[in-house]
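The values are calculated or read from the model by the stated rules, or taken from the named source; none is laboratory data. Since we're looking at a predicted model, the values are computed, not measured. Here Cβ is always computed from backbone atoms with ideal geometry, including for glycine, and neighbour counts include all displayed protein chains. The protein model used for the area step is the full one, side chains on, heavy atoms only, and it has no ligands, DNA or RNA in it. Shrake-Rupley method; radii C 1.70, N 1.55, O 1.52, S 1.80 Å.
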Amino acid sequence: MTHTPEIDKTRLPRHVAVIMDGNGRWAQARGLDRSEGHVEGVNTVRRITEEASEIGIGYLTLYTFSTENWNRPQDEVDALMNLIVIAIERETPDLIKNNVRLTCIGDLDRMPAFARERLGKCMADTAHCTGLTLVLALSYSSRWEIVRAARHLAAEAAAGRLTPAEIDEATVSASLSTAGMPDPDLLIRTGGDRRISNFLLYQIAYTELIFTPTYWPDYSREDFRNHIIEFQRRQRRFGLTGEQITEAES
């Protein structure tokens, strides 16, 4: 029997981001409607959220619905909106039990009013939780986020509250949807594609990337743990040499 290495709890990624890809293809491969893949994908969200919480991850950000997804067939969009809301409402008692706080990032104004209101209640109900923060990226794209941040900073400068010289990485980061969160240490994409798809482009400047061919509905707790272990095997140099990192660690 192969021994699976243990996760080093002293070297956990503070923030893991996931591009949950492959729901539709998982369903089509089984002769099912694409919506069935999204339903099964919700079960994966539950188990990976539970696993991240148990391991001790601080933030888990899930790319749930991109701004580009609004261009999908309307019946699929409608089904997704309903599924997201129903699933989060159903899971809220367990989120509270597991001390998981729910929050959302993205252009939520584009979402149907019923979805905004009901998701808002779920966020309020979990606001007191102090464990894992589960971040749903809804109606989100990184280019939208960066444009919004640029407009905000331009308005601040035009109003005299900010000078161009005062705009630095900190002020830009504070104007993004993820303000107050650490940048992702690890980004995982399921489904076999090897691209970022307009997700957290500013924040992942030094993020470790892992791509897996496994479709999201089939992604397991063991897969997630193995990817955490793979992350821990990597040397993160942030522009330094390996020798400098080794010397600092010793």
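The set of residues from the stretch 227-250 being loosely packed, with under 13 Cβ neighbours inside 10 Å and touching a strand residue (DSSP E or B) at 6+ places or on another chain (Cβ under 6 Å) comprises just one member, Arg234. For Glu76, state whether it is touching a Phe, Trp or Tyr at 6+ places or on another chain (Cβ under 6 Å) and either of a type in the set (D, E, K, R) or open to solvent by 50 Å² or more (accessible area, probe 1.4 Å) (or both). Against the criterion (touching a Phe, Trp or Tyr at 6+ places or on another chain (Cβ under 6 Å) and either of a type in the set (D, E, K, R) or open to solvent by 50 Å² or more (accessible area, probe 1.4 Å) (or both)), Glu76 does not qualify.
Checking the stated criteria, Leu108 turns out to be touching a strand residue (DSSP E or B) at 6+ places or on another chain (Cβ under 9 Å), surrounded by 14 or more Cβ atoms within 10 Å (Cβ to Cβ) and over 21 Å from Ile57 (Cβ atoms). Which one of Phe199, Phe224, Phe211 is of a type in the set (Phe, Trp, Tyr), surrounded by fewer than 18 Cβ atoms within 10 Å (Cβ to Cβ) and at pLDDT 95 or above? That would be Phe211, the only listed residue that is of a type in the set (Phe, Trp, Tyr), surrounded by fewer than 18 Cβ atoms within 10 Å (Cβ to Cβ) and at pLDDT 95 or above. Evaluation of Tyr140 against the conditions (1) surrounded by fewer than 21 Cβ atoms within 10 Å (Cβ to Cβ); (2) more than 30 Å from Pro5 (Cα to Cα) shows that the sole unmet condition is (1). Whether a residue is modelled with pLDDT of 95 or more and either open to solvent by 70 Å² or more (accessible area, probe 1.4 Å) or not in a loop (DSSP other than H, G, I, E, B) (or both) was assessed, and Gly191 does not pass this test. Among the residues making up the stretch 80-105, those that are farther than 28 Å from Ile146 by Cβ and surrounded by 17 or more Cβ atoms within 10 Å (Cβ to Cβ) are Ala87, Glu91, Thr92, Leu95, Asn98, Val100. Evaluate the following for Glu51: is it farther than 18 Å from Ala27 by Cβ and open to solvent by 60 Å² or more (accessible area, probe 1.4 Å)? Taking the combined requirement at face value, the residue does not satisfy it. For Arg151, are the conditions met, namely being open to solvent by 60 Å² or more (accessible area, probe 1.4 Å), without any contact (Cβ under 8 Å) to a residue 12 or more places away in the chain, farther than 21 Å from Gly22 by Cβ and over 18 Å from the mean Cα position of the chain (by Cα)? For Arg151, the condition - open to solvent by 60 Å² or more (accessible area, probe 1.4 Å), without any contact (Cβ under 8 Å) to a residue 12 or more places away in the chain, farther than 21 Å from Gly22 by Cβ and over 18 Å from the mean Cα position of the chain (by Cα) - is met.
Within the stretch 46-64, residues that are closer than 12 Å to Leu12 by Cα have Cβ atoms under 8 Å from residues that are open to solvent by 10 Å² or more (accessible area, probe 1.4 Å) and among the charged types (D, E, K, R) in these pairs: Ile55/Lys9; Ile55/Arg225; Gly56/Lys9; Ile57/Arg14; Gly58/Arg14; Tyr59/Arg14, counting only partners at least 6 apart in sequence or on another chain. Does at least one position in the stretch 160-181 carry a residue that is open to solvent by less than 70 Å² (accessible area, probe 1.4 Å), under 22 Å from Ile55 (Cβ atoms) and either without any contact (Cβ under 8 Å) to a residue 24 or more places away in the chain or not in a helix (DSSP H, G or I) (or both)? Yes, the stretch 160-181 contains a residue that is open to solvent by less than 70 Å² (accessible area, probe 1.4 Å), under 22 Å from Ile55 (Cβ atoms) and either without any contact (Cβ under 8 Å) to a residue 24 or more places away in the chain or not in a helix (DSSP H, G or I) (or both). Condition test on His15, is it more than 25 Å from Ala127 (Cβ to Cβ), touching a residue at least 24 places away in the same chain (Cβ under 8 Å) and not hydrophobic (A, V, I, L, M, F, W, C)? It is false that His15 is more than 25 Å from Ala127 (Cβ to Cβ), touching a residue at least 24 places away in the same chain (Cβ under 8 Å) and not hydrophobic (A, V, I, L, M, F, W, C).
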